Amino acid sequence: MNPLDPFKSRLRFRKLTVVLLPAAILWAAPLVAAPANQAPSAKTNSFHSVFILPANPREGRDPFYPQSNRPYEAAMTATNSTVEATALVVRGVSGPSDHRLVIINNHTFAAGDIADVITDQGRIRVHCVEIKLHSVVIDIRGQYHELPLDNL
């Protein structure tokens, strides 16, 4: 290997830099912004994004969660919680006496768990307060209900 090869490659790089650097500057010159003292041209377009929250599903849906009612929850009226509690059924109980588990409409709860349960009336947010020997105490929107375990 010739000891002058690294020197020759440096010279080639410098020659390319001398030739390509002015070309790059000329190419990038139109991309540089106009000075601040110049007024913008009258033909500039300005676009503004505006989002209008839909009041119901007909006006628009969340594209990522199309079944979600979150965008129009404020416009929806509250339903009667006593009717919702009748749609909840205890399907089973399991676990040792110090850590009981209960199945409500195919969703498993331990004491203190909060989850959405799917019913015929839609989704209901259920908070399992306590699992007793013969019943389950749940909280639906601040109203307590006791579901019996007798049907098991």
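Throughout, read-outs are computed from the coordinates displayed, never taken from laboratory work. None of these values were measured; they are calculated from a predicted model. Glycine gets a Cβ as well: all are built from the backbone with ideal geometry, and neighbour counts include every protein chain shown.
A few comments on the model shown:
- Rounded to the nearest 0.05, the FRET efficiency derived from the C-beta distance between Asn105 and Glu59 at R0 = 30 Å is 0.45.
- Here the calculated FRET efficiency for Val89 and Ser68, from their Cβ-Cβ distance with R0 = 25 Å, stands at 0.50, rounded to the nearest 0.05.
- Neighbour-count order for Asp98, Asp150, Asp116, Asp62, fewest beta carbons within 10 angstrom listed first: Asp98, Asp150, Asp116, Asp62
- Extension gain, Asp113-Glu130: 0.36 nm per intervening residue step, less the Cα-Cα distance, totals 5.2 nm.
- Spin-label model distance (nm) - Gln121 vs Phe47, 7 Å beyond Cα toward Cβ: 4.6 nm
- Approximate spin-label separation Glu146-Ser97, in nm, with each point projected 7 Å along Cα-to-Cβ: 2.0 nm
- Under-5 Å amide H pairs with Val89, H placed in peptide plane, nonlocal only: Asn105
- Ascending count of other beta-carbon atoms within 10 Å, so fewest first, for Ser49, Ser68, Ser94: Ser49, Ser94, Ser68
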